[in-house]
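The structure under discussion appears below in the form of structure tokens.
The values are calculated or read from the model by the stated rules, or taken from the named source; none is laboratory data. On a predicted model such as this, the values are computed, not experimentally measured, just so you know. Here Cβ is always computed from backbone atoms with ideal geometry, including for glycine, and neighbour counts include all displayed protein chains. In case anyone asks, the SASA skips ligands and DNA or RNA and just uses the protein heavy atoms, side chains included. Shrake-Rupley method; radii C 1.70, N 1.55, O 1.52, S 1.80 Å.
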Amino acid sequence: MISAPSGAGKTTLVANLLRSLPGLRFSVSHTTRRPRPGEREGREYFFVSRGRFEGMVKRGEFVEWAEVHGHLYGTSWKALRDAQAGGSDVLLDIDVQGHRKVRRRLREAASIFVLPPSFRELERRLRRRHLDQPAEIERRLADARREIHYWPEYDFLIVNDALASAVRALRSIVVGSRYRRLAQQDCAREIANGFGG
Ligand code: ADP
Ligand code: 5GP
């Protein structure tokens with residue numbers, strides 16, 4: 001699970017990681033926000049209307065969902081299953097509310113919070129990205145002032161200052177998490193059982 005205030009560089013970090021680490025897949029969420037230039041249906045998100053999203057909520061199709069920056073976002077059970085197919089590790093892009101909701105249910109999952117080096121730098125990145133309207137940027141900056149304080153709820157923190165070292169840190173965390181006791185316990189148990197005694 002990975003969270004960050006908008007503009008901290010999470011999408012950039014995740015894209016770099018997915019390119020360079022085999023055995024890891026991204027769970028594609030549903031959202032009611034409009035696609036940005038360059039975004040593709042089914043790659044960054046499944047883009048749906050509010051009506052369609054609310055129908056999915058009623059039918060229990062989401063593992064979790066939340067309203068973020070005035071739009072709805074959710075992880076569907078289907079997206080999670082598809083990403084898990086073939087035994088891959090799954091990366092969930094999730095906001096701070098979604099993280100709070102699933103953290104206890106997904107005990108084996110590591111959670112990562114990405115921080116920008118400063119508020120000023122976050123603002124600079126959001127403006128230079130040229131992907132959101134000015135009002136949307138203001139809203140995201142206001143939300144960032146609140147979201148940044150959730151960092152103590154996460155297992156791992158990455159300050160995304162120099163991109164290459166932040167990508168290296170993210171890769172280390174994901175690879176390291178594969179060896180957590182909860183991730184290895186079935187295998188360890190089987191070996192230990194073979195010892196008898
Ligand atoms: P998020 O997904 O967290 O909203 P993005 O990945 O879209 O953020 O990054 C926001 C902007 O900041 C993009 O224009 C991206 O190219 C830029 N960016 C990302 N990481 C860094 C970095 N380490 N240093 C400078 N700019 C960065
Ligand atoms: P963006 O519009 O910049 O792509 O994403 C906005 C926010 O929505 C980010 O904080 C991102 O983590 C969050 N988000 C994306 N997908 C999901 C999801 O499936 N569930 C929740 N709770 N948040 C999500």
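A few notes on this one:
- Diffusion coefficient, µm² s⁻¹, Stokes-Einstein with Kirkwood Rh over alpha-carbon pairs of region 59-197 at 25 °C and 0.890 mPa s: 139
- Beta bridges per DSSP, both residues in region 2-179: antiparallel share near 35 percent.
- Distance (nanometres) between label positions extended 7 Å along Cα→Cβ at residue 161 and residue 124: 1.3
- Across the chain, the longest piece that holds none of the trypsin sites (Lys or Arg not before Pro) lying in DSSP loops with up to 12 other C-beta atoms within 10 Å covers 108-177.
- The relative contact order of region 2-179 comes to 31 percent, based on Cα pairs under 8 Å that sit 6 or more residues apart.
- Cα-based shape type of region 43-126, given that a ≥ b ≥ c are square roots of the gyration tensor eigenvalues and the cut on a/c is 1.5: oblate
- Accessible area of the chain belonging to carbon and sulfur atoms, whole % at 1.4 Å probe: 53
- Residue 190 versus residue 81: modelled label distance in nm, points set 7 Å from Cα along the beta carbon direction: 2.4
- In the full protein context, region 117-179 carries 64 Å² of accessible surface per residue, based on a 1.4 Å probe and ignoring ligands, DNA and RNA.
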